[in-house]
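Working notes, structure below.
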Amino acid sequence: MGDGGRGGPTEERRGGGPGFSWNNTIDYRGQGHGSSALNNQGEERLLDVTVNVDRGGKILVTFRGERGRPAAFFHWHGDRIGRRQLKADVVSEDRRLHGPMYISVDGRQNVNSVTLEATDGRDRLKVNWDRK
């Protein structure tokens, strides 16, 4: 699928979930801003995003929060629903919240936007992010 060497240092390559393969990934990146909100209470600011897609269609999305901290982390099995659109049924890092995530990308491996509405039947997480 692509060169896995573009993903950066080992410390950036955490997670991925069971069966995620770091070799032959396509790495998308985006500089922008957005927010995540759990149950409409207090938004967490999201800055840059990294999307890694492995050959088997598994996808890892990581957002950077303020002061460089990881803000949100999702992994899932996804599908390409168009040339520039990815859709995935995601699960949160704590494996509690599930829902569809839509990711818009371009031909230069940039992420343009990310949206998500995830729930466990009781709690609800909304994520909206756009490129600068």
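What is the order of 43, 66, fewest Cβ neighbours within 10 Å to most?
Details: 43 13, 66 10.
Listed from fewest to most nearby Cβ atoms, that is 66, 43.
Each of 96, 108 was scored by other Cβ atoms within 10 Å of its Cβ. Listed from fewest to most, they are 108, 96. Taking amide H positions as modeled 1.01 Å from N, with prolines and chain starts lacking one, the residues under 5 Å from residue 120 and 5 or more places away or on another chain are 98. The residues 102, 28, when put in order of fewest to most other Cβ atoms within 10 Å, stand as 102, 28.
Laboratory data are not the source of any read-out in this text; all were calculated from the coordinates shown. This is a predicted model, so every value here is computed, not measured. Positions of Cβ are generated from backbone atoms using ideal geometry, with glycine treated the same way; all protein chains shown enter the neighbour counts.
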